[in-house]
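Working notes for the structure below.
Read the figures in this text as sums done on the coordinates, not as results from a lab. Worth saying up front: this structure is predicted, and the values here are computed from it rather than measured. Glycine also receives a Cβ, built like all others from the backbone with ideal geometry; neighbour counts cover every protein chain displayed.
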Amino acid sequence: MVEMTIYGVSFDLVGKQPIVLLKTADGNRYLPIWIGHPEAAAILMKLQGASAPRPLTHDLLVNILGELEVDIVRVTVTELRENTFHASITVAQGGNEVDIDSRSSDAIAVAVRAQVPIYAADDVIEESAIEMEGDEVNEEEIVDEFKRFLDKVSAEDFAEAEVEENEATDEEEAEREDDA
């Protein structure tokens, strides 16, 4: 596993989707992950030190786990499967650790709230990270490299990722309606 930091949240003008850009903690490798708009807002809000008047979903999850004395240990981007990044949230209670399957966007939003490290599996870094040369890397270079990356993928890749994201969002909305 490779420790990552959040380099920033940007917007893919081609696919009109937000992207969270993770950077290796000890190097110049960047991992772009397409995420949904609500998750991008949740991540940015916390990174900018803003807070909502009432707990958002990710805040609620962190609060519940805290009240149950369950520690959030770390989040890990575990794999890239069918153009979708998968992640896990590792929690601990009573000396036992459990990995909970998660969307990468939700895991990152939880990580910034719980202030826990973010990792990526070695395979994910090898397969999907963009490496920048030199010690001094500016944002323009990253954007240029990222554009070259975008040239390698097809519109179908984005469409598949968006369909999966929309299906997950539709399921969440249906659950909320059932609860109402």
Inside region 73-99, can you point out the residues that are within 16 Å of M4 (Cβ to Cβ) and of a type in the set (V, I, T)?
V73, V75, T76, V77, T78, I89, T90
Residue list for region 86-134, restricted to those being surrounded by fewer than 23 Cβ atoms within 10 Å (Cβ to Cβ) and of a type in the set (S, T, N, Q):
S88, T90, Q93, N96, S102, Q115, S128
Exactly one of R54, R81 is over 30 Å from E133 (Cβ atoms) and either out of contact with any strand residue (DSSP E or B) (no Cβ under 9 Å at 6 or more places or on another chain) or among the hydroxyl-bearing types (S, T, Y) (or both), and that one is R54
